[in-house]
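The values are calculated or read from the model by the stated rules, or taken from the named source; none is laboratory data. What you are looking at is a predicted structure, and each value in this text was computed from that prediction instead of being measured. Don't worry about glycine lacking a Cβ; one is built from the backbone with ideal geometry, like all the others, and counts go over all protein chains shown. What goes into the accessible areas is simple: the full protein's heavy atoms, side chains included, and nothing from ligands, DNA or RNA. Shrake-Rupley method; radii C 1.70, N 1.55, O 1.52, S 1.80 Å.
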Amino acid sequence: MDYTLAIDNAPETITGGTGVLLLHPSIGETDRIDTDFLKTDTDNFFVVSTRTTAREVEQKLEHYDVDESKAEILDTLSVERGYSRRPSDRVHYVASPDDLEGVVSKTRTFLEDHGGKRRVSVDSLTEMAYYADDEAVFEATERILGLLDEFDGVGLFHLSKEVHDEAVLERFRGLFDLVLDLDVDENLTVEFDEG
């Protein structure tokens, strides 16, 4: 299955099973890329949010005119921070951003429960690594990419360039066929390995 990719300089389409790595500065404006990815050519999407609460994700989707009826959100922050939680059919929770087993499990459940074109956004791997560690997050990313391949979905994974050393960045890069590199001036460089 092919998915349209509405991102400047990137391929027009990517095949199911493709993971996209978004490298960005810590203060980089990624919301537009993220929401364009989620709302284009999709039946259902799953947002793994490690930086913001489900309510903030909903506000972002609304601001960028994304169809929220297609959204499911995994909030990894609210439990740990003691915020009120309102679980629903579309909002799920795990205890904290380092509950990587929970993140992978909830991602699998989303992919199993929905047909058609499915997209996953993980925002962000950096935040997960802050709570867990690089190795555990690398392994969880591999597992999520495996699920995307198994269920013919696509995913966008955020990673901050300024937080990780070059060896870690290169290791994560090696997992992905498509890498989007956003600089501080919001210029986007695209690397695509069609192999």
Summed over the other residues with a beta carbon less than 9 angstrom from that of L23, with K and R at +1 and D and E at -1, the charge totals +1
Contour minus Cα-Cα span, D185 to R90, at 0.36 nm per residue, comes to 30.7 nm
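State the extension gain, in nm to one decimal, for the chain segment bounded by E62 and D193, taking 0.36 nm per residue of separation less the distance between their alpha-carbons.
Residue separation times 0.36 nm, minus the Cα-Cα distance, leaves 43.8 nm.
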Measure of exposure for E135: accessible area at 1.4 Å probe, Å² rounded to 10, is 80
The lysines whose Cα lies under 22 Å from the Cα of K117, excluding any fewer than 8 residues away in the same chain, are K39, K60, K70, K106
Share of accessible surface on carbon and sulfur in segment 69-164, whole %, 1.4 Å probe and ligands ignored, is 43
Among H92, I33, L61, the residue whose Cα sits farthest towards the positive end of the charge dipole of segment 18-116 (+1 at Cβ of Lys and Arg, -1 at Cβ of Asp and Glu, taken about the Cα centre) is H92
Quick calc: nm separation of the 7 Å Cα→Cβ label points for L175 and A136 -> 1.4
For segment 51-140, the per residue accessible area (1.4 Å probe, Å²) is 48
Among D152, D41, D165, the residue with the largest mean-square fluctuation in a Gaussian network model of the chain built from Cα contacts under 10 Å is D165
Taking a ≥ b ≥ c as the square roots of the eigenvalues of the Cα gyration tensor, with a/c under 1.5 meaning rounded and otherwise prolate when a/b exceeds b/c and oblate if not, segment 126-195 is oblate
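Summing +1 for each Lys or Arg and -1 for each Asp or Glu, what net charge is found among the other residues whose Cβ lies under 12 Å from the Cβ of V122? Display every interim value, and only then the final one.
Numbers: positive: R51, K106, R119, R143; negative: D34, D123, E127.
Result for the local shell: +1.
Subtract the Cα-Cα distance of D8 and D165 from 0.36 nm times their separation in residues, and report this length gain in nm to one decimal. Mind dumping the intermediate values first?
Working: separation 157, 0.36 × 157 = 56.52 nm, distance 2.71 nm.
Gain on stretching D8 to D165: 53.8 nm.
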Given a 1.4 Å probe, the accessible area of segment 152-195 per residue, as a whole number of Å², is 52
